[in-house]
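Engineer: Sending over a structure as structure tokens; questions will come in a sec.
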Amino acid sequence: MRRVAAQGVASADSVPRNIAEGYCRRSINEYLNFLSIALGSLGESVSGLHAYRKAEQLTEEDFENLDSMAYKLENGLLKLVESLEEKREQGDWIDHLIVKESNAVYGND
């Protein structure tokens, strides 16, 4: 059961980590790829929730709460993917870093 629990935690933990890693990439294609991986991890997590509920390791109330949160997150991710795909098609993605602060804060004028 420890392995099963660890796998459940790992798949859930993977979702925000992949979102963050993708966000930090410069390429919109890489960002979309990491969002796709996050969606896959979310699906894996939800699959685990169903298995845990069937094995009576989760109450119905806990299952419903977690499933509802996963559903909201999935829909948010899908909307983000759609928005980014539109940006990619329109060429509105900026793939370079722009520093908007003065070097004075670092002691360099």
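Taken together, the values in this text are just the output of simple stated rules run on the coordinates, not laboratory data. Since we're looking at a predicted model, the values are computed, not measured. We place every Cβ from the backbone using ideal geometry, glycine too, and count neighbours over all the protein chains shown.
Engineer: Calculated from DSSP H runs of 4 or more alone, at -39500 (n - 2.57) each and per residue, what is the 222 nm mean residue ellipticity of the chain, nearest 500?
Structural biologist: Mean residue ellipticity, 222 nm, calculated: -26000 deg cm²/dmol.
Engineer: Please state, to two decimals, what the Cα-based radius of gyration of the chain comes to when divided by 2.2 N^0.38 Å (N = residues). Please list the in-between numbers first.
Structural biologist: Working: Rg = 18.8 Å, N = 109, 2.2 N^0.38 = 13.1 Å.
So the Cα radius of gyration is 1.44 times the expected 2.2 N^0.38 Å.
Engineer: If I require 18 Å or longer along the helix axis, counting alpha carbons, and a Kyte-Doolittle average no lower than 0.0, what helices from the chain are left? Use full DSSP H segments.
Structural biologist: TM-like helix candidates: 28-54.
Engineer: Arranged by the count of other C-beta atoms within 10 angstrom, fewest first, what order do R26, R2 take?
Structural biologist: Fewest to most other Cβ atoms nearby, the residues stand as R2, R26.
Engineer: What FRET efficiency comes out for the pair E86/N29, r = Cβ-Cβ distance, R0 = 22 Å, nearest 0.05?
Structural biologist: 0.95
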